[in-house]
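Engineer: A single structure is presented below for examination.
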Amino acid sequence: MNLITDVKALFKRAARRLPVVRDYAAERDGLRAEAARLRAAHDRLREEHGAARAEADRLRAEIGARKPIRPEVGTVHPFELDLLRRLVAETDHLPGPIVEVGTLLGVTTTRLALWKAPGRKIVTVDNYSWNPWGLAPDEHLAVASQVLGYLVRTGHVEQVVADKGAFFRVYDQGPPSLVFLDAVHNYEQTKADLDWARRVGAAAVAGHDYNHLHPEVVRAVDEAGGPRRLCGSVFCL
């Protein structure tokens, strides 16, 4: 009887411990699942960190490859400004706007605004597809808009963001008092710019980069009659 009693007691104790064993197994499985989830999250974070580092390296390389923005690059040189200033003064009494084809950063635009009569408007047009500093078009436009912000808000300048050919087709502000051309410098584009300026009856037609560095500009200008006045590479027909 004692043996039977001992066996029964043993089974009773084992039965009492069985839920504990089951709870331990469930907890162990839960911890294993949590560990697997944490490992997966860690792996995702490592991947995201690697992607972020790669993007940072790309941006550093892109910034390092860009040229510093020097406004004097690609614009009218100081010694060439005298002719342009005199042309503004000589046409100040005329009713039409000054039309600048090729804004770039708006440096020359700003100078024209300083020289003109207060009520005279400047229309400057550019599609911002090219600049010598490697800026993307939206960045280029943002810089030019910042430079011209005050003049635009006060009505001295109308900043037109468009291809110049499209602008030429819809222009309806009357004969310009002065047209200043400083956009695409190949023969076809320069000739088209000069033809438009004459077709709309511009009182004065001037431009930039009439020199040996831009032979196609020289060719187009010479075919249009050649410079009547010249200061550096700034010409006036």
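Quick note: the coordinates plus some simple rules give every number you see, no bench work behind them. If you're wondering where the values come from, they're calculated on a predicted model, not measured in any experiment. Virtual Cβ from ideal backbone geometry, glycine too; neighbours counted across all protein chains shown.
Engineer: Given H placed 1.01 Å from N in the peptide plane, which residues other than close sequence neighbours of Glu158 have an amide H under 5 Å from its amide H?
Structural biologist: Those lying under 5 Å, H to H, from Glu158 are Ile122, Val123, Thr124.
Engineer: Quick one: what are the phi-derived ³J(HN,Hα) couplings along region 28-38, Karplus 6.51/-1.76/1.60 with θ = phi - 60°, whole Hz, x for glycine and proline?
Structural biologist: Residue by residue, region 28-38 yields 4, 5, x, 5, 5, 5, 5, 4, 5, 5, 5 Hz.
Engineer: In what sequence do Ser129, Ser177, Ser233, Ser145 fall when counting other Cβ within 10 Å, fewest first?
Structural biologist: Going from sparsest to densest Cβ surroundings: Ser129, Ser145, Ser233, Ser177.
Engineer: Tell me, what HN-Hα J-couplings in whole Hz come from the Karplus equation 6.51 cos²θ - 1.76 cosθ + 1.60 at θ = phi - 60° for each residue of region 201-215, using x for Gly and Pro?
Structural biologist: x, 4, 5, 9, 10, 10, x, 10, 6, 8, 7, 5, 6, 10, x
Engineer: For each of Thr110, Thr154, Thr124, count neighbouring Cβ atoms within 10 Å of the residue's Cβ, then give the residues from fewest to most.
Structural biologist: Thr154, Thr110, Thr124
Engineer: Now for a different question. Full-extension gain between Glu47 and Trp133, please, as 0.36 nm times their residue separation minus the C-alpha to C-alpha distance.
Structural biologist: 27.6 nm
Engineer: Would you mind ranking Asp92, Asp138 so that the residue whose beta carbon has the fewest other beta carbons within 10 Å leads the list?
Structural biologist: Values: Asp92 15, Asp138 8.
So the ranking, lowest neighbour count to highest, is Asp138, Asp92.
Engineer: Let me ask something else. About the Cα centre, and with charges only on the beta carbon of Lys, Arg (+1) and Asp, Glu (-1), how big is the dipole of region 140-237? Nearest 20 debye, please.
Structural biologist: 240 debye
Engineer: Using the Karplus equation 6.51 cos²θ - 1.76 cosθ + 1.60 (θ = phi - 60°), what ³J(HN,Hα) coupling, rounded to whole Hz, does each residue of region 116-132 give in order, writing x for Gly and Pro?
Structural biologist: Karplus values, whole Hz, x for Gly and Pro: 6, 5, x, x, 8, 9, 10, 10, 10, 10, 7, 9, 6, 8, 9, 7, x.
Engineer: Check which residues have an amide H placed less than 5 Å from Asn211's amide H, if you skip close sequence neighbours.
Structural biologist: Here the answer is Val218, since their amide H atoms fall under 5 Å of that of Asn211.
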